[in-house]
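Beneath this line is the structure, given in structure tokens, with notes to follow.
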Amino acid sequence: RWQLPPQVLSHPHLKLISLKDAYFRDDRYDLSQMNWLGRKIEAELVSQGHRHIRWIGDLSPLLEHGVSWEELVVMEYNADSVYRSQSVSEGLSIYPFPNRTDDSCQACILCKHPWLLGTNGFVKNPYYNNPLLCWASGQLKARRI
């Protein structure tokens, strides 16, 4: 999907996790699945001697599996709070670039993510680290999710 070079894909410290394993339980999207699987993998890696784990999640396929933008926002805030409380793990979620012509499908552009996945690859997030411009935080306040 990302067209990564073979040397990256064959790196011994890279582990790809399927979308279904990471975010779904019994074929249904389940926020707790990500937390449960993450803790399990982290414990295994720490016991093997790894001191730092970086998670990268491409969230765009979740939209194709019926997960709503609102659910992605909730999941991201949950994951962010987990990462802030840990010293071993950190995460980055990659969101699709927003389609500004369709307000019902606005992308969640969280101010904590420096990159977005656009139609031509990765692009810098103009809202990064700027809570005043963060579309998602405004939506959360408006909808009181």
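Points worth noting:
- Search result, residues across the range 35-73 that are over 16 Å from Phe24 (Cα atoms) and of a type outside the set (A, V, I, L, M, F, W, C): Glu42, Glu44, Ser47, Gln48, Gly49, His50, Arg51, His52, Arg54, Glu70
- Filter result for Ser10 (farther than 25 Å from Ser81 by Cα and either of a type in the set (Gly, Ala, Ser) or open to solvent by 90 Å² or more (accessible area, probe 1.4 Å) (or both)): yes
- Screening Ser68 on (1) open to solvent by less than 70 Å² (accessible area, probe 1.4 Å); (2) under 13 Å from the mean Cα position of the chain (by Cα) shows it passes everything except condition (2).
- Pair list, Cβ < 8 Å and 6+ apart or interchain, from the range 10-33 residues that are on the phi > 0 side of the Ramachandran plot to residues that are outside any loop (DSSP other than H, G, I, E, B) and open to solvent by 80 Å² or more (accessible area, probe 1.4 Å): Asp27/Lys20
- Of all residues making up the range 34-64, the number that are without any contact (Cβ under 8 Å) to a residue 12 or more places away in the chain and of a type in the set (Phe, Trp, Tyr): 1
- Of all residues in the range 13-40 being more than 17 Å from Ile56 (Cβ to Cβ) and not in a helix (DSSP H, G or I), the one that is most open to solvent (accessible area, probe 1.4 Å): Arg28
The values are calculated or read from the model by the stated rules, or taken from the named source; none is laboratory data. Please read all numbers here as calculations on a predicted model, not as lab measurements. Here the Cβ is made from the backbone with ideal geometry for all residues, glycine too, and neighbour counts use every protein chain on show. To get the accessible areas, we keep the full protein, side chains included, count just its heavy atoms, and leave off ligands, DNA and RNA. Shrake-Rupley method; radii C 1.70, N 1.55, O 1.52, S 1.80 Å.
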